[in-house]
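This report refers to the structure that appears directly beneath it.
Each value in this text was obtained by applying a stated rule to the coordinates, not by laboratory testing. What you are looking at is a predicted structure, and each value in this text was computed from that prediction instead of being measured. All Cβ positions, glycine included, derive from the backbone under ideal geometry; neighbour counts span all protein chains shown.
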Amino acid sequence: PGYELMEIADRMVVLFHIEGKYYCLDDVCTHDGGPLSDGCLDGKSIVCPRHGAKFDICSGKALTMPATEDTLSHEVKIEGGEVFVRLRD
């Protein structure tokens, strides 16, 4: 359980493993570009370390101010015990 910062196709993303499921978000707070990977988990959300904006790990939805825009979430699949991420634009 936890999360890991990864680079996929020149893009920084955070892969989360929570309650047996995997989720992936861009490693960027939409408020000021802060790195979500430096934040702390709060259940199924991540809190940006800069100003405390909170994002839903499952959807990327911005849950609290000062963020007003969602961050991108990416599709995660498990095949043959390996984790695959499909990036969204």
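Residues in the stretch 24-44 that are assigned to a loop (DSSP other than H, G, I, E, B), more than 19 Å from residue 11 (Cα to Cα) and in contact with a strand residue (DSSP E or B) (Cβ under 7 Å, 6 or more places away or on another chain): 44 alone. When the stretch 45-84 is limited to residues that are of a type in the set (Asp, Glu) and either assigned to a loop (DSSP other than H, G, I, E, B) or under 10 Å from residue 29 (Cα atoms) (or both), the one that is nearest to the chain's Cα centre (by Cα) turns out to be 70.
Within the stretch 1-37, take every residue that is of a type in the set (D, E, K, R) and within 11 Å of the chain's Cα centre (by Cα) and give me the one that is farthest from residue 79 (Cα to Cα). Within the stretch 1-37, the match that is farthest from residue 79 (Cα to Cα) is 27.
The set of residues in the stretch 65-89 that are more than 14 Å from residue 22 (Cβ to Cβ) and surrounded by 15 or more Cβ atoms within 10 Å (Cβ to Cβ) comprises 67, 70, 71, 72.
Residue by residue, here is whether (1) more than 16 Å from residue 4 (Cα to Cα); (2) in contact (Cβ under 8 Å) with a residue 40 or more places away in the chain; (3) not hydrophobic (A, V, I, L, M, F, W, C) holds:
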site	(1), (2), (3)
35	no, no, yes
38	no, no, yes
46	no, yes, no
59	yes, no, yes
64	yes, no, yes
83	no, yes, no
89	yes, no, yes
